[in-house]
1. Any idea what the relative contact order of the stretch 14-120 is, in percent, if you count C-alpha pairs under 8 Å spaced at least 6 apart?
2. What's the extension gain from Ala167 to Ala120 if we count 0.36 nm per residue and subtract their Cα-Cα distance?
3. Rounded, prolate or oblate for the stretch 36-103? Axes are the square roots of the Cα gyration tensor eigenvalues, ordered a ≥ b ≥ c, and the cut-off for rounded is a/c under 1.5.
4. Obtain the nm distance between the two label points defined at His29 and Asn96 by a simple spin-label model: each point lies 7 Å from its Cα along the Cα-to-C-beta direction.
5. Please compute the modelled spin-label separation between Lys73 and Gln19, points set 7 Å along Cα→Cβ, answer in nm with one decimal.
6. Measure up Lys84/Lys112; Lys7/Lys37; Lys7/Lys84; Lys7/Lys92 against 28 Å on the Cα-Cα distance and list the ones that go over.
7. Modelling each spin label as a point 7 Å along the Cα-to-Cβ direction, I'd like the Ala203/Ala11 distance in nm, to one decimal.
8. Just to verify a number: FRET efficiency for Glu83 and Glu44, C-beta to C-beta distance, R0 = 22 Å, to 0.05?
Amino acid sequence: MHPAITKLEAASRKPAIAQVQSGDTVRVHQLIREGSKQRVQVFEGVVIRTDRMGSTTASITVRRIASGVGVEKSFLMHSPNVEKVEVIRRSKVRRNFMSFLRDRRGKSARLKEVSFDRTAANVQPVKDEVVAEDPLASDEELDAEVTELNVEETQEVHPETSTEEIAKEEEKAAAADEPSADDGDGDESVAEQEEAESGADRAEAEEDRESTK
């Protein structure tokens, strides 16, 4: 099968459906659209056939007697128009296609009921919790998600650093680099001492000259 078809089927596939078998008495909630309005119609009957239950095109055929007339309807399990399928009763059967029920009425059409786990059989899709991935997502959306993840990772690696702390550290470094006023005063005192020493040396040299004369 083509990969594009596989992706479309995966997107339209429900995360979970009811475990329906032939011979089950089910109640199907079907969505009916009438113009701008929509309503839910319930169809209750016996499942006389199941087809491709493990695939996206899984379908069931439900039969019921309405006003003495047999009515059969087929439903796609993964169709968006089928909101819910409830398994009410389970019977013991040996066939997948029970066409013999079409010729029976009354007691002869009854099936032997068996016990079953009703909660496990009525597994329904959770639309709010399960989110299907979009197979046709563009590369730009994926790139945006990657950049968001990278930003979150960098924030997690340095959780304690903030802009205020960084600014304070920069101010401290700048203050350490600039010469202080005390350093300037110390330089001036050293220069004065050097000048005084040179003046004393000159005076001593003049005295030595006079003594030699």
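Derivation of every value follows stated rules applied to the coordinates shown; laboratory data play no part. Because the structure is a prediction, the values reported are computed rather than measured. Cβ: placed from backbone, ideal geometry, glycine included. Neighbour counts: every protein chain shown.
1. Relative CO of the stretch 14-120 lands at 29 percent.
2. Full extension of this stretch gives 10.8 nm more.
3. oblate
4. Output for this residue pair reads 2.9 nm.
5. 2.6
6. Lys7/Lys37; Lys7/Lys92
7. 10.2
8. Details: r = 14 Å, r/R0 = 0.66.
That gives a FRET efficiency of 0.90.
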